[in-house]
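Readers should treat all values here as calculations from the given coordinates under stated rules, not as data from a laboratory. This structure is a prediction, so every number in the text was calculated from the model and none was measured. Counting neighbours? That spans all protein chains shown, and the Cβs are built from the backbone with ideal geometry, glycine included.
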Amino acid sequence: GAVVSQHPSRVICKSGTSVKIECRSLDFQATTMFWYRQFPKQSLMLMATSNEGSKATYEQGVEKDKFLINHASLTLSTLTVTSAHPEDSSFYICSASQQETQYFGPGTRLLVL
Amino acid sequence: KQEVTQIPAALSVPEGENLVLNCSFTDSAIYNLQWFRQDPGKGLTSLLLIQSSQREQTSGRLNASLDKSSGRSTLYIAASQPGDSATYLCAVIEEYGNKLVFGAGTILRVKS
């Protein structure tokens, strides 16, 4: 149980395009999901907390207009990287919370050319 | 602001050796502490979770301890195997929050 999926697993896009990443809790409902970013050989940095039916809470320094988060249902949260640039290339990981435990997705590798 | 530090940053050991990974956190007001494993290019696998009221947790060859007052945790891996090679991350949730704060990780390589 408690499986979280992410789609796509890898994406390559041109600079200036937008990319949407989906995070799904497959066998449980998650009122709260989290989005993290990880640069090579660095730890996970929390970007935002996504609550179903309400606006996401962004961490300091994270541009909410650049990283759009939608949590439309109890099993799905999406992160859209708008007007992506090469510096947005990173590994994006989501997690879904169930009973105070976070379950992590497999991550999405984004490469912006 | 909570900060989590992991030492060493990287560790290479021969197969069969017992080893200890260290984690420290600056604010002792934590709710729990977790150790995760991350394989290259993959997501996180939770290994052990220690509640703030607990001193240690064990799972197979893994044992994690927590000294909340001193802001320290250790992950002990017994009889290491090449399959244990991965990055090990320590993370805490603060007492009145729901956010995980991660350390930078320890890259472990177990040589056969």
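Computed quantities for the displayed model
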| quantity | calculated |
| --- | --- |
| Sparsely packed chymotrypsin sites (Phe, Trp or Tyr not before Pro) within the stretch B:32-112, loop by DSSP, other Cβ within 10 Å at most 16 | B:Y96 |
| A:S73 paired with A:S54, simple spin-label distance in nm, labels 7 Å along Cα-to-beta-carbon | 2.2 nm |
| Value of relative contact order over chain A, rounded to a whole percent, pairs C-alpha under 8 Å and six or more apart | 37 percent |
| Aspartates and glutamates with Cα under 15 Å of B:K68, excluding same-chain neighbours fewer than 8 positions away | B:E3, B:D27, B:E56, B:E94, B:E95 |
| Efficiency of FRET between A:C13 and B:D39 - r from beta-carbon atoms, R0 25 angstrom, step 0.05 | 0.50 |
| Kirkwood estimate for chain B, i.e. one over the average of 1/r between Cα atoms, Å | 13.9 Å |
| Alpha-carbon centroids, the stretch B:20-98 and the stretch A:1-68: separation in whole Å | 23 Å |
| Whole-number Å³ per residue for the convex hull built on Cα positions in the protein assembly as shown | 120 Å³ |
